[in-house]
Amino acid sequence: MRNGKSKLRPLQKTTAMIVLNDSGNRFQIEDNKDYYVQFEVNGDPPKMNIIDTVAPRRFHDALLRHALDYADEKGWLVETTCYLAAEFLNRNPSLRDPVPEPAGPTSPTGSPVWQNLQQFLYVNRNFVMLGLLFVGLLDRDLFLITSVAFLFVILSG
């Protein structure tokens with residue numbers, strides 16, 4: 001800074017309009033057709049594959065965000081073979097498609113029935129222990145089997 005004046009120019013915001021081209025597979029800057037994000041949609045369910053991004057940094061982030069918003073509006077999943085798009089998604093993990101949850105429990109300990117059994121036995125553990133002692137008086141082998149089963153159910157939660 002010399003004489004109260006800065007030598008640096010202030011940053012200028014770019015206000016370019018992003019449009020979908022006529023063929024419907026490319027988002028581009030309206031005034032400059034050389035800057036674009038090219039994609040293809042295929043599969044069932046439809047999936048947008050971002051193939052190529054050609055633009056300087058100040059434009060490619062805006063183009064990619066626009067393409068991801070468009071895919072989100074359409075309900076498409078997104079994948080990419082373009083390294084710039086992959087880098088953009090790595091910097092912005094919140095824009096990635098959510099990982100679908102499994103349809104059902106993957107193990108018996110995750111099922112609602114199993115969880116209800118665990119909760120019932122834990123809450124009523126004193127009565128269960130008395131029942132085990134009573135069974136132990138009648139049959140030692142049955143006592144051992146039921147004790148191990150009880151401990152397994154309680155400790156697996």
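For Glu87 and Ser23, a Förster radius of 22 Å and the Cβ-Cβ distance give a FRET efficiency of 0.30, rounded to the nearest 0.05. Between Arg140 and Arg96, the modelled labels are 5.8 nm apart [label points 7 Å from Cα along Cα→Cβ].
Bear in mind that the values in this text are calculations on the coordinates, not laboratory data. None of these values were measured; they are calculated from a predicted model. Reconstructed Cβ throughout: ideal geometry from the backbone, glycine too, with neighbour counts over all protein chains shown.
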